[in-house]
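Asker: Sending over a structure as structure tokens; questions will come in a sec.
The values are calculated or read from the model by the stated rules, or taken from the named source; none is laboratory data. On a predicted model such as this, the values are computed, not experimentally measured, just so you know. Backbone-built Cβ (ideal geometry, glycine too); neighbour counts: all protein chains shown.
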Amino acid sequence: MKKNIAKKRNMEYRIWNIEWLRPNSKFQIPHSQKGVTLLIALLVMSGITLITLSVGYFAIQEIRSTRAVILTEPAIGAAETGGEQGVWAIKRSASLTDCASGKTGGNLGNSSRVETCKYYGAATIGLAANTNYSFYLYDPNDINGDIDLSNYPYNYLSVAHKSGGFGVTVTVARITGASVGNGSASPGSTETISIQPVASGSEGRMKVTLFSFGDATVEVNTNQGIPDRPTVDSSGCSGTGADCSSVEDNYKRRINVTVPQ
């Protein structure tokens, strides 16, 4: 009896193996799964390619950034050098080209170039409570020669109230004492005083006095800027060539240094 059961099981096992190997058998791998290995291989290769391209792109960007830094450093150094030279010239009363007339420049010998000039712009002034603050308007290019300001005419003075809870009074007078104009700037407003020219040879230089009952900050300006606040404009460039007029492969940096007198 046991032999017959074992023989029957052995026969069923052989029949199962034959059915599995027979063509069109229900045990065959379905046609829908054919080529899956190839597809997976293609996806893996595509992923590897994408990663490689990304790494290459970022590597190139890093190389370009490093090169830009290397070429930029001389431009920064040139601009700072020009700024220091300009400050030295102003403090030593040496000549420094006015920006309206052009710029003074030259090559520094390390594939970099610097150009400097000076100009006069607005000035921000902090006022202490109950304390007069005065400054002068004159020809900074010829302080004692152009007394009538015919070569450096002032048309107006503007005072913009920037901060503080008290208004600011403005008084403009010739240094002889003759009145030019006066006004007041309330918080957040701007007061503009017109300035008329004087006769040729007459004293035209002016004294401006600001006063506030509380601490305040104002910005003052004229059509000529404020002569007591010269600003050095310094620009430096570097690159494959030392000519700042060339755009390709040149890096430019610019700084402005205000030098209160």
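Asker: What number of residues within segment 189-204 satisfy the criterion of being touching a residue at least 40 places away in the same chain (Cβ under 8 Å) and under 20 Å from Ala122 (Cβ atoms)?
Answerer: Quick first cut of segment 189-204, residues touching a residue at least 40 places away in the same chain (Cβ under 8 Å) only: 195, 197-204.
After this cut, where a residue has to be under 20 Å from Ala122 (Cβ atoms) as well, the list is 195.
Total satisfying the criteria: 1.
Asker: Can we say Arg92 is over 30 Å from Pro187 (Cβ atoms), at pLDDT 80 or above, of a type in the set (D, E, K, R) and out of contact with any strand residue (DSSP E or B) (no Cβ under 7 Å at 6 or more places or on another chain)? Even if it seems obvious, please write down each step before you answer.
Answerer: Values: over 30 Å from Pro187 (Cβ atoms): yes; at pLDDT 80 or above: yes; of a type in the set (D, E, K, R): yes; out of contact with any strand residue (DSSP E or B) (no Cβ under 7 Å at 6 or more places or on another chain): yes.
Here the answer is yes, as Arg92 does meet what is asked.
Asker: If I go through segment 171-197 residue by residue, how many of them are under 16 Å from Asn223 (Cβ atoms) and touching an Asp or Glu at 6+ places or on another chain (Cβ under 7 Å)? Walk me through it before giving the result.
Answerer: Here is the first cut: in segment 171-197, the residues under 16 Å from Asn223 (Cβ atoms) are 172, 180-181, 190-197.
Checking the rest, the ones that are also touching an Asp or Glu at 6+ places or on another chain (Cβ under 7 Å) come to none.
Qualifying residue count for the region: 0.
Asker: So is Ala160 of a type in the set (Gly, Ala, Ser) and under 28 Å from Asp98 (Cα atoms) or not?
Answerer: On the way: of a type in the set (Gly, Ala, Ser): yes; under 28 Å from Asp98 (Cα atoms): yes.
In short, yes.
Asker: Okay, moving on. How many of the residues in segment 57-89 are out of contact with any strand residue (DSSP E or B) (no Cβ under 9 Å at 6 or more places or on another chain) and either among the basic types (Lys, Arg) or within 30 Å of Pro230 (Cα to Cα) (or both)?
Answerer: Of the residues in segment 57-89, the ones out of contact with any strand residue (DSSP E or B) (no Cβ under 9 Å at 6 or more places or on another chain) are 57-67, 69-70, 88.
The next check asks that each one be either among the basic types (Lys, Arg) or within 30 Å of Pro230 (Cα to Cα) (or both); those that pass are 64, 67, 88.
Qualifying residue count, segment 57-89: 3.
Asker: If you don't mind, another one. Does segment 126-140 include one or more residues that are surrounded by 15 or more Cβ atoms within 10 Å (Cβ to Cβ), touching an Asp or Glu at 6+ places or on another chain (Cβ under 6 Å), touching a residue at least 12 places away in the same chain (Cβ under 8 Å) and under 30 Å from Ser194 (Cβ atoms)?
Answerer: Yes, some residue in segment 126-140 is surrounded by 15 or more Cβ atoms within 10 Å (Cβ to Cβ), touching an Asp or Glu at 6+ places or on another chain (Cβ under 6 Å), touching a residue at least 12 places away in the same chain (Cβ under 8 Å) and under 30 Å from Ser194 (Cβ atoms).
Asker: To continue, here is another question. Tell me which residues, restricted to segment 82-96, are surrounded by fewer than 17 Cβ atoms within 10 Å (Cβ to Cβ) and not in a helix (DSSP H, G or I).
Answerer: Arg92, Ser93, Ala94, Ser95
Asker: Something else now. Suppose we keep only residues that are farther than 15 Å from Ser212 by Cα and among the hydrophobic types (A, V, I, L, M, F, W, C) within segment 158-189. Which one would you say is surrounded by the fewest Cβ atoms within 10 Å (Cβ to Cβ)?
Answerer: Residues of segment 158-189 farther than 15 Å from Ser212 by Cα: 158, 172-181.
Then keep just the ones that are among the hydrophobic types (A, V, I, L, M, F, W, C); that gives 172-173, 175, 178, 180.
On the way: Val172: 20, Ala173: 15, Ile175: 14, Ala178: 12, Val180: 20.
Within segment 158-189, the match that is surrounded by the fewest Cβ atoms within 10 Å (Cβ to Cβ) is Ala178.
Asker: Please tell me if Ile147 is closer than 30 Å to Val87 by Cβ and assigned to a loop (DSSP other than H, G, I, E, B).
Answerer: On the way: closer than 30 Å to Val87 by Cβ: yes; assigned to a loop (DSSP other than H, G, I, E, B): yes.
Answer is yes for this residue.
Asker: Is it true that some residue in segment 223-231 is among the hydrophobic types (A, V, I, L, M, F, W, C), closer than 30 Å to Arg253 by Cα and out of contact with any helix residue (DSSP H, G or I) (no Cβ under 8 Å at 6 or more places or on another chain)?
Answerer: In the first step, residues of segment 223-231 are kept if they are among the hydrophobic types (A, V, I, L, M, F, W, C); the result is 226.
Then keep just the ones that are closer than 30 Å to Arg253 by Cα; that gives 226.
Then keep just the ones that are out of contact with any helix residue (DSSP H, G or I) (no Cβ under 8 Å at 6 or more places or on another chain); that gives 226.
Yes, segment 223-231 has at least one match.
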